[in-house]
Amino acid sequence: MANIKFSRKTFEKEIGKLDEKMQNKIAMFGTPLESFDDNEIELEIFPNRPDLLSYQGFKRGFLGFLGKKTGLKTYKLNKPQKDYKVKIDSSLKEIRPFTTCAIIQGLKLDDDKIKELIDIQEKLHLTVGRKRKKLAIGIYPLEKIKLPITFRALEPDKIKFIPLESDREMSGLQILQKHPTGKNYAHLLAGKQKFPIFIDADKNILSMPPIINSQLTGKITYETKDVFIECSGFDFEILKKCLNILVTTMADMGGQIYQMELDYNGKKQITPDLTP
């Protein structure tokens, strides 16, 4: 189980007044009302509905349930632009073999939207991702990245970057030993001779999944307009579904979805794919 919280003011502006009738409809939709006050609403989301783990996802589904917006919502997918590519190296085969990726352009982020993106990322990590074991997600400000991107594995002592919420460079092993987030998830890379990394065309490390992003390239702010998104793990179909949840959430925030070309040793994949 996972809970989501969102603004009551936004809910009542975009969906309707939270009176007793509306509370009953929320329960009938299958998202029990956990609590509410003048400022915030909290709902319980069942594991079989990861698409509802954000306010945008809940709003989309609930408006359909209410009959206010019927039919499957469609989204425009823009084809990959030049260098919208990710090369997946064969070194990852026994470590973390798959990724799905996308670019979102034209976002207008505020504190509430940033909080929603962080929340859905963590909720997907916890539920579908089984605490990052099966799935890890990275969201990065595109203006700080030089495309194309490579997903590969390196020996821990060759991995050096400043991890998120730190002010000094660390090696891959030091991150697992000394960084709070690294220590929390170190068991996910236990026994690995190499660790996975995303790296851009300027050789800047974006992240070391499923552990942590880089302080340089891995933190979005209200100034961020365009983002690079990646999901990494072991089941390509699960990664595709999670990427779809993320890109449609951001599209509902006003962003434009751009596909990326993934190169698996000569075998090409295009993600996201929103075909029903």
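If the requirement is being outside the structural domain of I26 (by TED's automatic domain parsing) and without any contact (Cβ under 8 Å) to a residue 12 or more places away in the chain, which of these qualifies: K82, K87?
On the way: K87 fails: without any contact (Cβ under 8 Å) to a residue 12 or more places away in the chain.
After applying the criteria, what remains is K82.
Go through the range 53-76 and count every residue that is hydrophobic (A, V, I, L, M, F, W, C) and crowded, with 18+ Cβ neighbours inside 10 Å. Give the steps one after another, and end with the answer.
Of the range 53-76, the ones hydrophobic (A, V, I, L, M, F, W, C) are 53, 58, 62-63, 65-66, 72.
Filter once more, so that each one left must be crowded, with 18+ Cβ neighbours inside 10 Å: 53, 58, 62.
The total comes to 3.
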Answer yes or no as to whether T181 is β-branched (V, I, T), in a helix (DSSP H, G or I) and at pLDDT 95 or above. yes
Answer yes or no: is there a residue in the range 238-251 that is outside any helix (DSSP H, G or I) and assigned by TED's automatic domain parsing to the domain that holds E94. no
Please go through the range 177-229 and pick out each residue that is over 26 Å from G254 (Cβ atoms) and among the basic types (K, R). K178, K183, K192, K194, K203
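Run down K85, K93 and say which single residue is closer than 28 Å to A201 by Cβ and at pLDDT 95 or above.
Exactly one of K85, K93 is closer than 28 Å to A201 by Cβ and at pLDDT 95 or above, namely K85.
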For the range 178-194, name all the residues that are out of contact with any Asp or Glu (no Cβ under 6 Å at 6 or more places or on another chain), crowded, with 16+ Cβ neighbours inside 10 Å and closer than 19 Å to F151 by Cβ. Y185, L188, L189
Which one of these does M22 not meet: (1) surrounded by 14 or more Cβ atoms within 10 Å (Cβ to Cβ); (2) under 30 Å from D235 (Cβ atoms); (3) at pLDDT 95 or above? (2)
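If you scan the range 119-134, which residues turn out to be in a loop (DSSP other than H, G, I, E, B) and touching a residue at least 60 places away in the same chain (Cβ under 8 Å)?
Taking the range 119-134 first, the residues in a loop (DSSP other than H, G, I, E, B) are 127-134.
If the condition is that a residue be in a loop (DSSP other than H, G, I, E, B) and touching a residue at least 60 places away in the same chain (Cβ under 8 Å), then T127, V128, G129, R132, K133, K134 are the ones that fit.
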Flagged in the range 44-67 as charged (D, E, K, R) and either in a helix (DSSP H, G or I) or not assigned by TED's automatic domain parsing to the domain that holds S7 (or both), in numbering order, are D51, K59, R60
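Tally time: how many residues in the range 16-54 are of a type in the set (A, V, I, L, M) and under 26 Å from L243 (Cβ atoms)?
Taking the range 16-54 and keeping what is of a type in the set (A, V, I, L, M), we get 18, 22, 26-28, 33, 41, 43, 45, 52-53.
Within this subset, residues satisfying the condition of being under 26 Å from L243 (Cβ atoms) are 43, 45, 52-53.
So the count comes out to 4.
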What residue, of I197, I229, I175, I137, is crowded, with 22+ Cβ neighbours inside 10 Å, outside the structural domain of P47 (by TED's automatic domain parsing) and assigned to a helix (DSSP H, G or I)? I175
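Scan the range 1-43 for residues that are in a helix (DSSP H, G or I) and either in the same structural domain as T127 (by TED's automatic domain parsing) or over 25 Å from the mean Cα position of the chain (by Cα) (or both) and report the count. If you could, list the steps in order and put the result at the bottom.
Of the range 1-43, the ones in a helix (DSSP H, G or I) are 8-14, 20-28.
After this cut, where a residue has to be either in the same structural domain as T127 (by TED's automatic domain parsing) or over 25 Å from the mean Cα position of the chain (by Cα) (or both) as well, the list is 9, 12-13, 20-28.
Residues in the range 1-43 being in a helix (DSSP H, G or I) and either in the same structural domain as T127 (by TED's automatic domain parsing) or over 25 Å from the mean Cα position of the chain (by Cα) (or both): 12 in total.
For the range 241-249, check the following and say yes or no: at least one residue is on the phi < 0 side of the Ramachandran plot, of a type in the set (K, R) and without any contact (Cβ under 8 Å) to a residue 60 or more places away in the chain.
no
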When (1) surrounded by 16 or more Cβ atoms within 10 Å (Cβ to Cβ); (2) over 16 Å from E122 (Cα atoms) are applied to K160, the one that fails is (1)
Condition first: more than 17 Å from K5 (Cβ to Cβ) and loosely packed, with under 14 Cβ neighbours inside 10 Å. Now tell me which residues in the range 28-52 satisfy that. M28, P47, N48
Taking the stated definitions as given, is F29 of a type in the set (A, V, I, L, M, F, W, C) and modelled with pLDDT of 95 or more? yes
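The values are calculated or read from the model by the stated rules, or taken from the named source; none is laboratory data. Because the structure is a prediction, the values reported are computed rather than measured. Note that each Cβ is placed from the backbone with ideal geometry, even for glycine, and that neighbours are counted across all protein chains shown.
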